[in-house]
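Taking it in order: structure first as structure tokens, then the write-up.
Just so it is clear, none of the values below were taken in a lab; they were calculated from the coordinates. These figures come from a predicted structure and were not determined experimentally. A quick note on method: Cβ atoms are made from the backbone with ideal geometry, for glycine too, and the neighbour counts reach across all protein chains shown.
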Amino acid sequence: MSSDLPSHLKAALARLTEGVARIDITRRAETISQTYRSGGGSAAIRSENDALAYALARMPATYAAVSACLEAIAGIDDTFAPASLLDVGAGPGTATWAAAQAMHSLQQFAMLDANAALRSIALDLARGDGRFKQLDYRQGDALVELSVAHDADLVVASYAVGEVPDDRRAKLIDLMWAKTHDVLLIVEPGTPAGYSRIVDCRAQLIANGAHAIAPCPHQKPCPLTAPDWCHFTQRLARSRDHKQLKNAEVPYEDEKFSYVAVSRKPRRTRMEGRVLAQPLMSKVEIRTKLCKSDGNASISAIPRRDKESYASARRWRWGDAVKF
Ligand SMILES: C[S@@+](CC[C@H](N)C(=O)[O-])C[C@H]1O[C@@H](n2cnc3c(N)ncnc32)[C@H](O)[C@@H]1O
């Protein structure tokens, strides 16, 4: 599965950028990113050009992260074929684009978000794309809008849960779960704070009867203890414009993310473990951190002399679901 923005979306972004001063977009992107870094949220995005700056700066990375999570879900159940999607805190529609690309069964797309400028750009970006003929985007507080939203086979909240104040988050998770017909995916930044929110959401959802399907190979409490945290990474190429926008030198960026996907019913394919860091290969062994189906996480060493296991472990990558 490609984690590159689809060409239709790239073209739509390029069209919206025509005639807009690059320097203005770069400044806006920098201000928004500083706001996020200092703990502020998307309320800093107030105008059309703010929304465009956000979309240009952040959509490639969040798209890559959500695509990786959807790929992990498909890896657990390749028969999962949702017909409807609800994207909560959808912003410019990043997760919706990723889901539309990853899951061709989707026919109905619903988004909701409090931010008028992001809603507007999402609709501009989706306009003219045949996939989004049935698209409904409600503007308002998720805690209000969710009570009137339709159920969906797949509900996604991408980089949105962290913007909801701590004392309202549990209510948000309950409402999202109530609207989930099959799978709920929550993605957060791959920071200790993002991971901590994911762990809380996971525990709340499991207590409500959900089955954890990814990345966790078990239903037990997360075995990691601070300062350790569960996160994954997606490398994405940066175009010349993207480098300029982010004032960056290197031609790629690594997006770190934490996530949990839960389901109404247990999936038949259960993995035995999840790779939690990039494996280290030496002449004698492969060492890697694994979360295992017995609920424990530890560093495992697969010796070269164990030819069969070594051969399969050579293919393991950070984030993979594995069998021993
Ligand atoms: C960091 S952006 C992520 C946007 C999009 N999901 C993505 O991955 O690109 C967070 C989004 O959550 C929305 N949001 C935050 N709190 C919200 C609330 N209470 N109700 C609805 N939307 C909210 C913001 O307006 C913003 O669009």
(request) Would you please give the residues with an amide H less than 5 Å from that of residue 213, counting only those at least 5 places away or on a separate chain, with H modeled from the backbone geometry? (result) 261, 262, 263
(request) May I ask you to evaluate 6.51 cos²θ - 1.76 cosθ + 1.60, the Karplus curve with θ = phi - 60°, for each residue of the stretch 114-120 and list the ³J(HN,Hα) values in order in whole Hz, giving x for glycine and proline? (result) 7, 8, 5, 5, 6, 4, 5
(request) Decide, for the stretch 1-69, between rounded, prolate and oblate: order the square roots of the alpha carbon gyration tensor eigenvalues as a ≥ b ≥ c, take rounded if a/c falls under 1.5, and otherwise choose prolate if a/b is larger than b/c, else oblate. (result) oblate
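Compute the signed sum of charges (Lys and Arg +1, Asp and Glu -1) over the other residues within less than 15 Å, Cβ to Cβ, of residue 171. Kindly include the intermediate steps, with their values, before the conclusion.
Working: positive: 168, 169, 179, 197; negative: 141, 145, 163, 166, 167, 174, 200.
After counting each charged neighbour, the total is -3.
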(request) List the aspartates and glutamates whose Cα lies under 15 Å from the Cα of residue 292, skipping any in the same chain that are fewer than 8 positions away. (result) 272, 320
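Net charge around residue 81, counting only other residues with Cβ within less than 10 Å of its Cβ (Lys, Arg = +1; Asp, Glu = -1)?
Charge balance near residue 81 sits at -4.
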(message) Using only Cα atoms and rounding to the nearest 10 degrees, what angle (0 to 90) does helix 22-37 make with the longest principal axis of the chain?
(response) 50
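Taking N as the number of residues in the stretch 231-299, what is its Cα Rg relative to 2.2 N^0.38 Å? Don't jump to the answer; show the numbers that get you there.
Values: Rg = 17.4 Å, N = 69, 2.2 N^0.38 = 11.0 Å.
My calculation over the Cα atoms of the stretch 231-299 gives 1.59.
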(request) Can you bin the stretch 273-322 into rounded, prolate or oblate? Criterion: square roots of the alpha carbon gyration tensor eigenvalues sorted a ≥ b ≥ c, rounded for a/c under 1.5, prolate for a/b above b/c, oblate for the rest. (result) prolate
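Can you compute the equivalent ellipsoid semi-axes for the chain, i.e. the square root of 5 times each eigenvalue of the Cα gyration tensor, sorted largest first and rounded to whole Å?
Equivalent-ellipsoid dimensions as semi-axes: 32, 24, 18 Å.
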(message) Which of rounded, prolate or oblate describes the stretch 186-272 when judged by the alpha-carbon gyration tensor and an a/c cut-off of 1.5?
(response) prolate
(request) Compute the acute angle (0 to 90°) between the alpha-carbon long axis of helix 192-207 and the principal axis of greatest extent of the alpha-carbon atoms of the chain; round to the nearest 10°. (result) 80
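Can you tell me, using C-alpha contacts under 8 Å and at least 6 residues apart, the relative contact order of the chain as a whole percent? Could the numbers behind the result be given before it?
Working: 630 pairs, mean separation 50.4, N = 324.
Relative contact order comes out at 16 percent.
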(request) Would you mind giving the three semi-axes, in whole Å and largest first, of the ellipsoid equivalent to the stretch 1-132 according to its Cα gyration tensor? (result) 26, 16, 14
(message) Through the Karplus equation 6.51 cos²θ - 1.76 cosθ + 1.60, θ set to phi - 60°, convert the phi angles of the stretch 141-156 into ³J(HN,Hα) values in whole Hz; use x for Gly and Pro.
(response) 5, 4, 5, 8, 5, 5, 5, 10, 5, 7, 4, 9, 5, 10, 10, 10
(request) Which order do the peptides 230-236, 191-197 take when ranked by the mean count of other beta-carbon atoms within 10 Å per residue, highest first? (result) 230-236, 191-197
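Between their Cα atoms, which of 283/307; 133/265; 283/323 are more than 18 Å away from each other? Walk me through the intermediate numbers first.
On the way: 283/307 13 Å; 133/265 30 Å; 283/323 22 Å.
Exceeds cut-off: 133/265; 283/323.
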(request) With runs of 4+ DSSP H residues as the only contributors, calculate the mean residue ellipticity of the chain at 222 nm using -39,500 (n - 2.57) per run, divided by the residue total and rounded to the nearest 500. (result) -11500 deg cm²/dmol
(message) Give the lysines whose C-alpha is closer than 23 Å to that of residue 246, dropping any in the same chain fewer than 8 places away, or say none.
(response) 10, 256
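Once you list every other residue whose beta carbon is under 12 Å from the beta carbon of residue 245, what net charge do they have if Lys and Arg are +1 and Asp and Glu are -1? Don't skip to the answer; put the middle values down first.
Working: positive: 22, 27, 28, 58, 238, 240, 243, 246; negative: 24, 30, 241, 253.
Counting the neighbours of residue 245, the net charge comes to +4.
When ranked by the protection proxy of mean other Cβ atoms within 10 Å per residue, highest first, what sequence do the peptides 63-75, 272-284 form? Intermediate values should be presented prior to the final figure.
Values: 63-75: 22.9, 272-284: 15.9.
Going by the mean number of other Cβ atoms within 10 Å, highest first, we get 63-75, 272-284.
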(request) Calculate how many DSSP beta bridges within the chain are antiparallel, expressed in % of all such bridges and rounded to the nearest 5. (result) 60
(request) Could you rank the peptides 38-45, 286-293 by their average count of other C-beta atoms within 10 Å per residue, with the highest value first? (result) 286-293, 38-45
